[in-house]
Amino acid sequence: MSDEKLTPRNVDFSEWYNQIVLRAEMADYAPVRGCMVVRPYGWALWENIQQALDKRFKDTGHVNAAFPLFIPMSFLEKEKEHVEGFSPELAVVTIGGGEKLEEPLVVRPTSETIIGYMYSKWIKSYRDLPVLINQWGNVVRWELRTRLFLRTLEFYWQEGHTAHATEQEAREETMRMLQVYAEFAVNEAAVPVISGVKSQTEKFAGANMSTAIEAMMQDTRALQSGTSHFLAQNFAKAFDIQFLDENNTLQYAWTTSWGLSTRFIGAIIMTHGDDQGLILPPRLAPIQAVIVPIFKSDSETAAVLETVTRVQAELKAAGIRVKVDDRTEVTPGFKFNDWEMRGVPLRIEIGPKDVEKGSVALARRDRPGREGKSFVPQAGLAAVVADLLTDIQKSLLERAIAFRDSHIFDPKDYTELTEVVQNGWAYSYWCESAECEAKVKEDTKATTRCMPLDQSLGKGKCIVCGKEAKRKVYFAKAY
RNA sequence: CGGGGUGUAGCGCAGCUGGUAGCGCACCGCGUUUGGGACGCGGGGGUCGGCGGUUCGAAUCCGCCCACCCCGACCA
């Protein structure tokens, strides 16, 4: 697969990205426009993402369930903003079993509506609340322009849908899950994110307030990598999710929804990858260490393979995800490049010299060439490897933070803002008017990404119009 | 939907002054190789996007259609 040099990032970032996805065998184009096949290596990464997130969801009291793929068209129409937001990108089934359907079925673009319908059946009392359900599944949005992982017609994700007795509880849930996403991104994927509130124009169709984690890719464009929405009583009213409270008063529930998709794989690729290929964070990497055996003669082969097998067993016993590349049809040099393309964090070379000296050669993926190489004894290798993986994880995060922070600017005036967003993000006061937001978008193609939560409120002038502004927002070109 | 482009082997391409298809990589077999993308020999694989027209003869010329890609509008 990895038979040629990658297009370097600084030559054509998009091309670099596409080549990595294909050559690392993360995904491939499907026969239907805009659809992709997630290949085993890409899916293994997704499974590790799922595990890391699912644990966090369970730890915060959520349970999993599965709702249908098809949603009656009329459900979408019950929430005004929701249908306006999603109708242009719906896939609709009109024929089933050869018969024209009474009512068209929408292939779910998101499941607020059908889950809202079910919640109205299940929720009758304050004692039924909160309902904290998540589902892992796929959805379809008929996008015009697609990119592997970043925007495909069909994508895999999880969507959490919760219902609460009070506004405060629902708001807390919205923020809790935003925090879960942020913590996951930073600690598992080494993707530093900025979390905050979306503007009214950027929010989810049907939400009162949307929040998101935003990550900076290496071309400085922003990638919304996870969202958490406070839906107020909008869907509860549309679907009659009502309950009797302690005082026997009928109340509408307060709901939230939150999601993170296979798009996150794109975030990992574009945060960490280099001109050799992918670099996966050790905590999520399907293969954390790959052993490349090296030998010439038959007599060497036996000795090398014996050592390789023993080292493999020791690492595996230590809980390290290790693979031996025992292919005989390609040379070690080919394998080095191949595993670099696939982003395996650590390579272990074992050859005749190592058998003789009782050593192995280690090469860390995040530091190319001689700098990342070391020669260590076979004795106690598992501990050394574990420490190295920890260090690689840490280094990746530090590097990504350094990149991000060196590309965030505080422009002095509007002219400077229009300049900095060409190669970075601007963090500026904004009056929160749609007009000023639209002006920036028209002049620069940059949009508001999010307004961080931990701001001390109350001072500053809008970078666009000069009026009083309460808080700052990130302006950036986005995916 | 507007502007531009491309369709020839799995991928990338050549052939386009008409004469019945070729190169590189990949793939299969054998042998030699193996510490940074090995080499030799042999081999398999193509309705030339589709339909129609011109012609003795079309990958090649003409017409229509289709698909995909890029730019824009739109977007998790």
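The values are calculated or read from the model by the stated rules, or taken from the named source; none is laboratory data. These numbers were taken from a predicted model, which means no experiment stands behind them. FYI the Cβ positions are ideal-geometry reconstructions off the backbone, even for glycines, and counts take in every protein chain you see. Heavy atoms of the whole protein, side chains included, go into the accessibility calculation; ligands, DNA and RNA do not. Shrake-Rupley method; radii C 1.70, N 1.55, O 1.52, S 1.80 Å.
Values for this structure:
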{"quantity": "Conditions (1) more than 16 Å from RNA strand B (Cβ to nearest atom); (2) surrounded by 14 or more Cβ atoms within 10 Å (Cβ to Cβ); number of the one not met by A:Val385", "calculated": "(1)"}
{"quantity": "Strands (runs of 3 or more DSSP E) within segment A:89-177 that include 1 or more residues surrounded by fewer than 16 Cβ atoms within 10 Å (Cβ to Cβ) and either within 16 Å of RNA strand B (Cβ to nearest atom) or touching a residue at least 60 places away in the same chain (Cβ under 8 Å) (or both)", "calculated": "A:91-96, A:131-140"}
{"quantity": "Candidate set from segment A:336-374 (those that are out of contact with any helix residue (DSSP H, G or I) (no Cβ under 8 Å at 6 or more places or on another chain), open to solvent by less than 10 Å² (accessible area, probe 1.4 Å) and touching a residue at least 12 places away in the same chain (Cβ under 8 Å)); member that is nearest to A:Ile392 (Cα to Cα)", "calculated": "A:Val344"}
{"quantity": "Residues within segment A:244-262 that are touching a helix residue (DSSP H, G or I) at 6+ places or on another chain (Cβ under 9 Å) and either surrounded by fewer than 22 Cβ atoms within 10 Å (Cβ to Cβ) or outside any strand (DSSP E or B) (or both), tallied", "calculated": "7"}
{"quantity": "Segment A:282-299, residues that are within 16 Å of RNA strand B (Cβ to nearest atom), small (Gly, Ala, Ser) and open to solvent by less than 10 Å² (accessible area, probe 1.4 Å)", "calculated": "A:Ala289"}
{"quantity": "Flag if A:Ile287 is closer than 30 Å to A:Glu356 by Cα and outside any loop (DSSP other than H, G, I, E, B)", "calculated": "no"}
{"quantity": "Set A:Ile265, A:Ile279: member being outside any loop (DSSP other than H, G, I, E, B), outside the structural domain of A:Asp325 (by TED's automatic domain parsing) and within 16 Å of RNA strand B (Cβ to nearest atom)", "calculated": "A:Ile265"}
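Matching residues to (1) more than 34 Å from the chain's Cα centre (by Cα); (2) of a type in the set (Val, Ile, Thr); (3) within 10 Å of RNA strand B (Cβ to nearest atom); (4) not in a helix (DSSP H, G or I):
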{"position": "A:Thr309", "(1), (2), (3), (4)": "yes, yes, no, no"}
{"position": "A:Lys316", "(1), (2), (3), (4)": "no, no, no, no"}
{"position": "A:Asp326", "(1), (2), (3), (4)": "no, no, no, yes"}
{"position": "A:Glu329", "(1), (2), (3), (4)": "yes, no, yes, yes"}
{"position": "A:Asn337", "(1), (2), (3), (4)": "no, no, yes, no"}
{"position": "A:Val355", "(1), (2), (3), (4)": "yes, yes, yes, no"}
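Every residue, every condition in (1) among the charged types (D, E, K, R); (2) crowded, with 16+ Cβ neighbours inside 10 Å, yes or no:
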site	(1), (2)
A:Asp410	yes, no
A:Asp413	yes, no
A:Asn423	no, no
A:Glu432	yes, yes
A:Lys439	yes, no
A:Met451	no, yes
A:Lys467	yes, no
A:Arg471	yes, yes
A:Tyr479	no, yes
